[in-house]
Amino acid sequence: MRKMTSNEPQDPQFKARVQASFDRQGLMVTLGASIVRIDPGAVEIALVPGGAVSQQHGFVHAGAVAAIADSAAGYSALSLMPPGTGVLTTEFKINLVAPAGGERIVARGRVVKSGRRLTLALCEVFAQTGRDEKLVAFLSATLMTIEGRDGVTD
């Protein structure tokens, strides 16, 4: 039996599985967020700034930034998990380093260390205007593989 490396998906259908799980998230629909990239151990989620996701000064609300960052980290972890399992965030820390404004906000999640039960992931969030990008947030997360719990499969 070949040993799995941290960048090898255990589910050959990981892209479809991640997309289907994302499509069931009501919050992502509310935010107008979409997945723009799914690779083994890496997921990108984007949203277009607008009134529905803004705070009082016109920037994208920190809650919306945190939500897409958490989901990008979580789905990067799920992409490496076995079929029939689910993923839940056990904790995250986010640093908001600049106001989130621009034409598009992109969260790029990636797995740092994938284990049987816990996965560590990072996510950088960028504000894009044209070809320019500015880092607006940085998130670190611990995610748990869930097995055998009713209703928790992705």
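The values are calculated or read from the model by the stated rules, or taken from the named source; none is laboratory data. Please read all numbers here as calculations on a predicted model, not as lab measurements. When we count neighbours, we look across all protein chains shown, and the Cβ atoms used for this are built from the backbone with ideal geometry, even at glycine. When the accessible area is computed, the model is the full protein with side chains, heavy atoms only, and any ligands, DNA or RNA have been set aside. Shrake-Rupley method; radii C 1.70, N 1.55, O 1.52, S 1.80 Å.
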- Task: Could you tell me whether the range 6-24 includes any residue that is small (Gly, Ala, Ser), under 11 Å from the mean Cα position of the chain (by Cα) and not in a strand (DSSP E or B)?
- Result: no
- Task: Kindly indicate whether any position in the range 93-114 is of a type in the set (S, T, N, Q), open to solvent by less than 60 Å² (accessible area, probe 1.4 Å) and without any contact (Cβ under 8 Å) to a residue 12 or more places away in the chain.
- Result: no
- Query: What number of residues within the range 33-82 satisfy the criterion of being assigned to a helix (DSSP H, G or I), open to solvent by 30 Å² or more (accessible area, probe 1.4 Å), within 22 Å of THR142 (Cα to Cα) and not acidic (Asp, Glu)?
  - Reply: 2
